[in-house]
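To keep things clear, I will list the structure first and then write my remarks on it.
The values are calculated or read from the model by the stated rules, or taken from the named source; none is laboratory data. These figures come from a predicted structure and were not determined experimentally. In this analysis, Cβ positions are derived from the backbone assuming ideal geometry, glycine residues included, and neighbour counts consider all displayed protein chains. The protein model used for the area step is the full one, side chains on, heavy atoms only, and it has no ligands, DNA or RNA in it. Shrake-Rupley method; radii C 1.70, N 1.55, O 1.52, S 1.80 Å.
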2 protein chains.
Amino acid sequence: MKNTLKTRYEARAKIIKAMAHPSRLLIIEELNRKEHCVGELTEMIGADASTVSKHLSILKNAGLVNDDKRGNLIFYTLRVPCIMQFMSCVEDVISANARQQNAILKCCRG
Amino acid sequence: MKNTLKTRYEARAKIIKAMAHPSRLLIIEELNRKEHCVGELTEMIGADASTVSKHLSILKNAGLVNDDKRGNLIFYTLRVPCIMQFMSCVEDVISANARQQNAILKCCRG
DNA sequence: TTGCAATATGGCTAAATTGCCAAATAGTAA
DNA sequence: TTACTATTTGGCAATTTAGCCATATTGCAA
């Protein structure tokens, strides 16, 4: 792969990889609704606080979220709302897959 | 996390994870332009043919590409063009990150 | 049939990711 | 100051991923 292209795809992959986790997708979706502090997200996800904190740092490092410290709490917001449009495309893939699975089942049962 | 939600985010994450690799992003972009056989993609990427084959099987398994065998060759096509719209959003993130980096540099040099 | 080309699969090691616990840090409040 | 809460960081073990080589498999052609 040409070197400039490689760099470009690596940069993209880094961002997409940051999204590629169930908990981080939940975080993205909830932050799209409104800002949340770490404790709130931790409760929604149901994992250790340190785990959630690491997820948030991955999202922040990719430039997908912003953080805003207010006293003891740190509020996170979604930095790039256009991400949410992508989710409907992903849902399209999921339902296309499901339809295809159904078609295969129907066909093979006769 | 509630169980139905968890399943949904896992399904999404599986698809996004399938995209989250530089070589697979190149494949997606090239297949968006036009169909390609494995050999062509292998040459573009510059990795072992078996490696590229595995990338393709990951994409296929996620429902992102279709394959069509014609004689000795297997042609792959992009199954979900809406994915490409997402790339411009990813590029937005990248340039926003770059701008922010610049701002930080300027500020700290005085 | 044999031989060759294209692609896929198995196996292996190295590297990255995940998630928990424990400990550090930062902020508030007494 | 001490105590308490929120969040982050370090460390570790388990799992997953990546990429190469070697080996199937498939299809064409002689």
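Overview of results
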item	result
Helices (runs of 4 or more DSSP H) lying entirely in the stretch B:30-110 (those with 2 or more residues that are over 18 Å from the mean Cα position of the chain (by Cα) and within 11 Å of another protein chain (Cβ to nearest Cβ))	B:83-109
Test set (1) closer than 25 Å to B:ALA11 by Cβ; (2) away from DNA strand C (no atom under 14 Å from the Cβ); (3) open to solvent by 20 Å² or more (accessible area, probe 1.4 Å) - A:GLU35 fails condition number	(1)
All positions within the stretch A:6-22 that are assigned to a helix (DSSP H, G or I), over 14 Å from A:GLY63 (Cα atoms) and either at the interface with another protein chain (Cβ under 7 Å from one of its Cβ atoms) or within 13 Å of DNA strand D (Cβ to nearest atom) (or both)	A:LYS6, A:TYR9, A:GLU10, A:PRO22
Residues satisfying the stated conditions in the stretch A:57-73, i.e. among the hydrophobic types (A, V, I, L, M, F, W, C), surrounded by 15 or more Cβ atoms within 10 Å (Cβ to Cβ) and farther than 17 Å from B:ASP92 by Cβ	A:ILE58
